[in-house]
Amino acid sequence: FIHSAVGDVNDSDVVLAGTSQAILIAYNVGVGVRAKNTLANSKIEFIDKKVIYHVLDRVEAIITGMVDTRYEDIELGETKVKAIFYNGKDKMIVGLEVKTGKIENRAKIRIIRDGKKVANGEVANLKSGLIDVNEIEAGNDCGISYKGDVKPEVGDVLEMYKTVIKK
């Protein structure tokens, strides 16, 4: 809450809501003529209800719309493990051939072995030769630093994807 008062909504209430980027709520009160004109020329979210439950329902709908986020996986591409260059305790360097799509740095990975998903992981770093890159297209070879619990093996298929927020 930025401001609350008793009485009709006036022009200064509308201006305050506009400069604060706030929602203007008028519960069981009138709206002045100048305030109506200012509201008509602004992009302020205005709730004017006579029943408190209607005000609460509208505010809940606005908040739910802002908070209710969905996550969606976007498929990037498919690779095949060609070689394991280093297999340490905390780090693994894997050589890949990009079959379809692309790989992005920090992409998420599904390990497919014998047609079944066996684990998830993540690209910690992506290299083309000795150079760090952000993306590799299909038809190219690359190396990744792999991060995950189950380690990939030569011949595994790695499905690359990323998760984005959808509203």
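Here are the numbers for the structure shown:
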| quantity | calculated |
| --- | --- |
| Rg(Cα) / (2.2 N^0.38 Å) computed for segment 1-131, rounded to two decimals | 1.99 |
| Spacing of the two label points (7 Å from each Cα toward its C-beta) at residue 127 and residue 64, in nm | 5.1 nm |
| Three principal axis lengths of segment 34-103 [C-alpha, angstrom, descending] | 72, 27, 18 |
| Accessible area (Å², 1.4 Å probe, nearest 10) - residue 19 | 110 Å² |
| Tensor-based shape of segment 120-167 (alpha-carbon gyration tensor, a/c under 1.5 rounded, otherwise prolate or oblate) | oblate |
| All-pairs Cα distance distribution in segment 72-167, expressed in whole percent, bin size 5 Å | 3, 15, 27, 28, 17, 6, 2, 1, 0 |
| Förster radius 41 Å - calculated FRET efficiency between residue 20 and residue 87, Cβ distance, rounded to 0.05 | 0.15 |
| Amide H within-cut-off set for residue 26, under 5 Å, with H built and near neighbours excluded | 47, 48, 49 |
| Reachable aspartates and glutamates, given that their alpha-carbon falls under 18 Å from the alpha-carbon of residue 36 and they are not under 8 places away in the same chain | 8, 11, 13, 45, 48 |
| Cut-off 20 Å (backbone N to label point 7 Å along Cα→Cβ of residue 1), residues of segment 7-33 | 7-31 |
| Estimated distance in nm for a label pair at residue 52 and residue 117, the labels positioned 7 Å out from Cα along Cα-to-Cβ | 4.8 nm |
| Lys/Arg +1, Asp/Glu -1 at C-beta; the chain dipole; positive extreme among 2, 41, 74 | 74 |
| Cα-based helix-to-principal-axis angle, 52-67 vs the chain, degrees rounded to 10 | 30 degrees |
| Residues of segment 1-98: accessible area per residue with a 1.4 Å probe, Å² | 72 Å² |
| Mean separation of Cα contacts under 8 Å, 6 or more apart, over the residue count of the chain: relative contact order % | 22 percent |
| Above-threshold pairs, the threshold being 29 Å between Cα atoms, out of 82/117; 89/127; 50/166; 99/162; 102/166; 49/166 | 50/166; 49/166 |
| For residue 77, residues with placed amide H under 5 Å, excluding near neighbours | 102, 160 |
| Sites residue 163 and residue 44, calculated FRET efficiency, Cβ-Cβ separation with R0 35 Å, nearest 0.05 | 0.55 |
| Share, in percent, of DSSP beta bridges within the chain that are antiparallel, nearest 5 | 90 percent |
| Surface share of carbon and sulfur [accessible, 1.4 angstrom probe, percent] for segment 6-76 | 54 percent |
| Backbone HN-Hα couplings from phi across segment 98-111 [Karplus 6.51/-1.76/1.60, Hz, Gly and Pro as x] | 7, 7, 9, x, 7, 10, 10, 4, 6, 5, 8, 10, 10, 8 |
| Solvent exposure ordering (accessible area, 1.4 Å, most first) of 15, 150, 9 | 15, 150, 9 |
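The values are calculated or read from the model by the stated rules, or taken from the named source; none is laboratory data. Bear in mind the structure is a predicted one, so any value in this text is a computation, not a measurement. Glycine gets a Cβ as well: all are built from the backbone with ideal geometry, and neighbour counts include every protein chain shown. Quick note on the areas: whole protein, heavy atoms, side chains included, nothing else; ligands and nucleic acids left out. Shrake-Rupley method; radii C 1.70, N 1.55, O 1.52, S 1.80 Å.
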